[in-house]
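The block underneath contains the structure these notes are about, expressed in structure tokens.
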Amino acid sequence: MTHYQPDLEGQRVRGFLDDVVGSAIVGQYPVQKDIVHVYLTCVGEGEIRIEIDPIGVFPLDCAATGVASANQFEVSSIPEFTLRVEGSPEQRWAVTIAE
């Protein structure tokens with residue numbers, strides 16, 4: 001499974017992971033814009049969670065993410081954040097983070 005490459009003008013890819021099973025930390029990022037975009041593709045049953053620490057945890061239905069679910073998070077109130085994706089051992093996923 002390969003990460004989604006956003007095709008939106010003005011967005012810059014900050015990081016990505018491909019073909020991950022289970023959970024992983026994507027990375028720690030300094031805030032450069034007010035909004036961060038997280039594109040998640042997932043295969044498998046059940047819930048998968050996007051965690052933006054220290055903002056919160058955001059659950060998604062893995063089977064419903066399709067090619068890439070587009071998620072936007074307001075991060076202007078913090079200097080940096082850590083992105084983690086929490087999935088089950090039965091789920092495969094890929095993620096792209098862009099600002």
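The values are calculated or read from the model by the stated rules, or taken from the named source; none is laboratory data. These numbers were taken from a predicted model, which means no experiment stands behind them. When we count neighbours, we look across all protein chains shown, and the Cβ atoms used for this are built from the backbone with ideal geometry, even at glycine.
Things to note:
- Within the range 78-99, the set of residues being farther than 22 Å from residue 21 by Cα and either at pLDDT 95 or above or in contact with a Cys (Cβ under 9 Å, 6 or more places away or on another chain) (or both) comprises 78, 79, 80, 81.
- Total residues in the range 1-41 satisfying the condition of being surrounded by 12 or more Cβ atoms within 10 Å (Cβ to Cβ), hydroxyl-bearing (Ser, Thr, Tyr) and modelled with pLDDT under 95: the figure is 3.
- Filter result (within 24 Å of residue 7 (Cα to Cα) and either free of Cβ contacts under 8 Å to residues at least 40 places away in the same chain or of a type in the set (Val, Ile, Thr) (or both)) within the range 71-95: 71, 72, 73, 75, 82, 85, 95
- Selected residue (criterion: nearest to residue 28 (Cα to Cα)) from residues of the range 59-86 that are surrounded by fewer than 18 Cβ atoms within 10 Å (Cβ to Cβ) and hydroxyl-bearing (Ser, Thr, Tyr): 82
- Whether a residue is surrounded by 14 or more Cβ atoms within 10 Å (Cβ to Cβ) and either of a type outside the set (Val, Ile, Thr) or touching a Ser or Thr at 6+ places or on another chain (Cβ under 6 Å) (or both) was assessed, and residue 56 does not pass this test.
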